[in-house]
Amino acid sequence: MIEKMKKGKIAMTITIGIACFALVTVMMMQFKVVNETDITAIEDMQESELKTELANWKTRYEEIDAQYQETTQRIEEYKNDEASNNEASRLVQEELEQTNTLLGLTDVHGEGIVITLKSGSDAAAISADDLLIIVNALKFAGAEAISINDERIINTTDIVDILDGSFIKVNGQRILEPYVIKVIGNQSHLESSVTGNGGKVEELQTLGHTATIEKDNDITIGKYNGEIETKYIE
């Protein structure tokens with residue numbers, strides 16, 4: 001009887017052991033499945049997040065690229081506007097310089113002739129009218145700039161005798177002999193205008209005055225230093 005009971009306990013113990021082993025095995029398998037499921041979920045989640053992040057970066061890149069393209073286009077527009085403004089400014093500057101040159105408000109240099117006049121001892125002194133005739137002849141010959149004793153001749157320049165011809169004033173400034181007339185322009189045309197066919201310089205030479213004409217390829221004529229006054233221009 002006792003032996004039967006011992007055998008029954010042993011069998012029960014073995015049965016319980018097998019059941020426990022089976023239970024433990026099943027539990028371990030479940031844990032493994034659960035773990036694998038969690039890892040897969042995590043991996044799936046990371047991949048999803050990565051895709052989302054990549055999509056976000058792509059969107060950001062497209063936005064930045066669009067801003068870059070817009071900025072580049074604006075820079076090109078600014079460059080074009082600047083180039084256009086620079087060209088307009090250059091043309092205005094050139095026109096202003098040309099106007100100032102014609103008005104005698106800038107120093108100029110170029111080729112031309114230099115006329116030097118001095119009254120002869122046995123003849124009447126050279127007058128303001130003589131100088132005025134020479135200046136007008138030079139203008140008709142295409143003179144681009146004229147000065148007498150470094151006084152720039154402009155459209156409003158006055159050349160007048162003072163005290164019955166005792167001296168001459170140009171631009172309100174007293175000038176003394178010798179009278180040095182500098183002229184910029186075509187040398188041949190300028191010389192011909194005051195010499196050939198009864199030119200004034202040739203006439204003064206005939207009257208006994210000293211008159212010389214020299215060609216010069218680098219004449220400098222200073223700007224008009226006075227104020228240009230207008231009475232009727234508003």
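Here are the numbers for this structure:
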| item | result |
| --- | --- |
| 3 or more residues closer than 16 Å to G222 by Cα, at pLDDT 95 or above and under 42 Å from the mean Cα position of the chain (by Cα): qualifying strands (runs of 3 or more DSSP E) within the stretch 110-171 | 145-148 |
| Hey, L163 free of Cβ contacts under 8 Å to residues at least 24 places away in the same chain, assigned by TED's automatic domain parsing to the domain that holds A145 and surrounded by fewer than 13 Cβ atoms within 10 Å (Cβ to Cβ) or not | yes |
| Test: residue in the stretch 199-213 that is of a type in the set (D, E), modelled with pLDDT of 95 or more, surrounded by fewer than 17 Cβ atoms within 10 Å (Cβ to Cβ) and touching a helix residue (DSSP H, G or I) at 6+ places or on another chain (Cβ under 9 Å) | no |
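The values are calculated or read from the model by the stated rules, or taken from the named source; none is laboratory data. In this text the structure is predicted, and so the values were computed from the model without any measurement. When we count neighbours, we look across all protein chains shown, and the Cβ atoms used for this are built from the backbone with ideal geometry, even at glycine.
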